[in-house]
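What follows is one structure encoded as structure tokens, with my remarks underneath.
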Amino acid sequence: MSFTESFNAKMADAAKLMKKGVDTCKVESKVAEQQLKIKTLTKEIGNLAVIKLDNDEELKCPEIIERYDAIVEARAKIDELKAGKKNTKVICPSCGEKCANDMSYCGKCGAALKDEA
Ligand SMILES: [Zn+2]
């Protein structure tokens, strides 16, 4: 199996796992899929880097940058998933409206939702 075939097979598996993660709708499994993706990409970058170094080639090649960008994306996705998990509703102290906890003011009455301190 060529490097590209092997990489594509791993990506297909990752995609299947990611679909599974979406189906189960669990943040933990979604984070785990992203972490698996990062692990796979990191390994592929390592392999690519060795091939490039063996051939005395520039390391900043598109194949590596492409995978690195995907890693950055996956890391952002993990942060997003973890933030979403923590994103519980905040009850407005003034009117009792349930507001997203990243909001500073109540969407209904405009009262400040964050602690003044
Ligand atoms: Zn309110």
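A short reminder: the numbers here are calculations on the coordinates, not readings from a lab. No experiment lies behind these values; they were computed from the predicted model shown. Counting neighbours? That spans all protein chains shown, and the Cβs are built from the backbone with ideal geometry, glycine included.
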Of (1) more than 13 Å from the ligand (Cβ to nearest atom); (2) in contact with a Leu (Cβ under 9 Å, 6 or more places away or on another chain), P93 satisfies every one except (1)
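So which of A70, A111, A100 is aliphatic (A, V, I, L, M) and away from the ligand (no atom under 16 Å from the Cβ)? If you could, list the steps in order and put the result at the bottom.
Numbers: A111 fails: away from the ligand (no atom under 16 Å from the Cβ); A100 fails: away from the ligand (no atom under 16 Å from the Cβ).
None of the other options fit; the residue is A70.
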Return the pairs, sorted by first residue and then second, in which the second residue is surrounded by 12 or more Cβ atoms within 10 Å (Cβ to Cβ) and assigned to a loop (DSSP other than H, G, I, E, B), the first residue lies in region 91-111 and is without any contact (Cβ under 8 Å) to a residue 12 or more places away in the chain and of a type outside the set (K, R), the beta carbons are less than 8 Å apart, and the residues are 6+ apart or on different chains.
I91/E97; S104/L113; Y105/A111; Y105/L113; G107/E97
Check region 52-64 and report whether any residue there is touching a helix residue (DSSP H, G or I) at 6+ places or on another chain (Cβ under 9 Å), surrounded by 14 or more Cβ atoms within 10 Å (Cβ to Cβ), in contact (Cβ under 8 Å) with a residue 24 or more places away in the chain and part of a helix (DSSP H, G or I).
no
